[in-house]
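Chemist: Quick one: the structure is below, and I'll ask about it shortly.
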Amino acid sequence: MAEAEIGVIGLGVMGANLALNIADNGYHVAVYNRTTARTDEFAASAGELSDKVTACATLEDFVAAIRPPRPVIIMVKAGEPVDAQIAALKPLLAANDIIIDAGNANFRDTMRRFTDLEGSGLTFIGMGVSGGEEGARHGPSIMVGGAEDAWKRVEPVLTAISAKFEGEACAAWLGENGAGHFVKTIHNGIEYADMQMIAEVYGVMRDHLGMDAPTIAAVFSAWSTGPLDSYLIDITAEVLMVQDAHTGRPIADIIVDAAGQKGTGRWSVIESQMMGVPATAIEAAVAARSLSAMREQRALAQAEFGLPAQHDRREGQAVIKDLEKALLAGKVAAYAQGFAVMAAASAEFKWNLPMATIARIWRAGCIIRSRFLDEIATAFTNDPDVANLALTPAFSAMIRDTDASLRRIVAESAMNGMPVPALASALAYFDTYRRARGTANLIQAQRDFFGAHGFARLDAEGEHHGPWGS
Ligand code: NDP
């Protein structure tokens with residue numbers, strides 16, 4: 001008898017934990033995984049939730065186990081596996097069943113899947129999920145894209161399993177079509193920038209100020225009670241305190257300095273460039289990960305050039321305070337940019353993205369959860385159509401308060417050869433953004449000189465050409 005109320009396909013890290021979370025919230029869940037051994041392992045580990053789980057060895061059994069109309073969550077590797085899974089499911093499902101892709105899909109793939117499923121009688125939802133393993137198990141942040149009535153049908157279970165911020169569910173319908181996966185992509189882009197800027201101030205403390213990992217951990221720990229209070233600062237403090245069991249050294253000191261990436265950071269940058277909205281802090285973070293992967297070249301370059309001499313080393317709390325404020329300033333730039341990219345996408349794809357809601361559902365469950373997001377939610381609630389977060393009263397005050405610190409840290413880092421690419425790009429962004437008279441007059445002239453592209457004049461309407469070469 002079909003007793004499951006929902007199904008989950010894919011029992012990897014995320015799918016398995018999401019299924020247990022669903023069962024934990026009182027819903028009967030059917031599960032299926034391509035490799036049956038993993039399904040068996042999952043069933044064996046379900047413990048007291050076993051009576052809420054139907055583990056299926058075949059897709060046919062899986063579909064038969066769910067009460068129609070069936071909501072089916074696909075949580076497999078993004079890309080081609082999702083298409084393969086949809087193709088295998090399609091003939092087994094019936095009208096009104098809902099396929100929910102909960103992986104980190106490229107939103108352009110999601111839009112294609114919406115089109116592919118049109119007229120099939122099936123409903124599709126593209127859903128971003130953030131929170132990693134722990135979030136999936138105990139409450140992730142959930143970003144839903146698709147038809148609003150489809151969301152209404154799955155809203156009870158999705159809000160039940162989502163994280164809660166002061167009792168408010170961190171799950172919401174954000175717009176039609178690829179809106180949910182787009183917002184998840186930008187979430188991850190911002191996450192790249194957040195992590196990179198934290199790594200940059202860690203680098204300054206380690207390599208310029210000569211602090212050891214436990215001492216740096218104490219700084220992050222202290223920051224976690226201030227305006228930087230966030231999950232990423234908390235785990236940074238925790239990571240830096242952990243000792244390696246084999247060597248007795250801080251584990252961070254023996255971890256290879258090369259970070260991987262799966263695509264969402266890169267997609268954020270590509271989409272921001274396509275829309276002509278700068279996301280320089282995210283770009284710098286993605287580029288820094290690529291540079292981190294070039295370990296051999298970096299070693300060769302260090303052998304060739306050496307490292308710049310260290311000078312101008314400030315000691316004491318003043319520099320630590322500057323680092324804290326520089327990080328906050330960089331954060332403002334990264335979030336202002338991320339939200340500006342979402343605003344542009346919202347206009348382009350007619351999603352009408354609710355910015356305050358996005359900030360609200362990121363306040364708990366997801367990797368970038370923080371006190372800061374509560375302030376962003378308030379800023380967008382007060383001024384939903386503001387062109388840039390930096391122009392809201394609260395964030396403009398924050399920029400005024402942190403600007404000098406960011407400037408000092410970037411300048412001192414440059415003088416000492418400390419790479420702080422995301423912080424430096426945040427500073428350059430602010431300095432460019434706030435200068436009413438920039439330097440593109442010269443670019444206009446150059447373009448007209450070599451390509452007769454024409455230019456606008458300050459004192460006259462229309463397109464003009466210069467008397468070049470005459
Ligand atoms: P895992 O690597 O832990 O698991 C991958 C899952 O995908 C397995 O169930 C695997 O099945 C299945 N799979 C892979 N290829 C195929 C295929 N061709 N056909 C059918 N099934 C396939 O991944 P995660 O759980 O970490 O990630 C799942 C999705 O969630 C991804 O899109 C990921 O980007 C996203 N995500 C991950 C987060 C994380 O922190 N890990 C956070 C948020 C989203 P099998 O056992 O047969 O190999």
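Chemist: For the chain, with only Lys/Arg (+1) and Asp/Glu (-1) charged at the beta-carbon, what is the dipole magnitude about the Cα centre, in debye rounded to 20?
Modeler: Charge dipole of the chain: 600 debye, to the nearest 20.
Chemist: Tell me, how many Å apart are the Cα centres for segment 177-212 and for segment 379-418?
Modeler: 16 Å
Chemist: Can you give the FRET efficiency for Glu296 and Ala84, using 1/(1 + (r/R0)^6), R0 = 25 Å, r = Cβ-Cβ distance, to the nearest 0.05?
Modeler: 0.10
Chemist: Here's something else I'd like to know. Calculate how many DSSP beta bridges within segment 1-152 are antiparallel, expressed in % of all such bridges and rounded to the nearest 5.
Modeler: DSSP beta bridges in segment 1-152 are roughly 25 percent antiparallel.
Chemist: Additional query: For the chain, what does the helix formula give at 222 nm: sum of -39500 (n - 2.57) over DSSP H segments with n ≥ 4, over the residue count, nearest 500 deg cm²/dmol?
Modeler: One gets -17500 deg cm²/dmol as the mean residue ellipticity at 222 nm.
Chemist: By per-residue mean of other Cβ atoms within 10 Å, what is the highest-first order of 292-303, 8-19, 84-95?
Modeler: In decreasing order of mean packing, 292-303, 8-19, 84-95 become 8-19, 84-95, 292-303.
Chemist: Taking every DSSP beta bridge with both residues inside the chain, roughly what % is antiparallel (nearest 5)?
Modeler: 30 percent
Chemist: Run the count for the chain, please: Lys pairs, Cα-Cα under 26 angstrom, 8 or more apart or on different chains.
Modeler: 19
Chemist: Kirkwood Rh and Cα-based Rg: tell me the resulting Rg over Rh for the chain, rounded to two decimals.
Modeler: For the chain, the value is 1.02.
Chemist: For the Cα atoms of the chain, what angle does the longest principal axis make with the long axis of helix 179-203, in degrees from 0 to 90, nearest 10?
Modeler: 50 degrees
Chemist: Farthest toward the dipole's positive end in the chain, which of Ala460, Gly128, Ala87, given Cβ charges of +1 (Lys, Arg) and -1 (Asp, Glu) about the Cα centre?
Modeler: Ranked along the dipole, the leading option is Ala460.
Chemist: Is any residue of segment 166-194 close enough, with backbone N under 16 Å, to a label point placed 7 angstrom from the Cα of Thr381 along the Cα-Cβ axis, and if so, which?
Modeler: In segment 166-194, the label zone of Thr381 (backbone N under 16 Å from the point 7 Å along Cα→Cβ) covers 166-171.
Chemist: Given a cut-off of under 8 Å on Cα pairs at least six residues apart, what relative contact order in percent is computed for segment 1-153?
Modeler: 23 percent
Bear in mind these aren't lab numbers, they're just calculated from the coordinates by the rules spelled out. Here the structure is a predicted model, which means the values were calculated and not measured. Methodologically, a virtual Cβ is constructed for each residue, glycine included, from the backbone with ideal geometry; neighbour enumeration extends over all protein chains shown.
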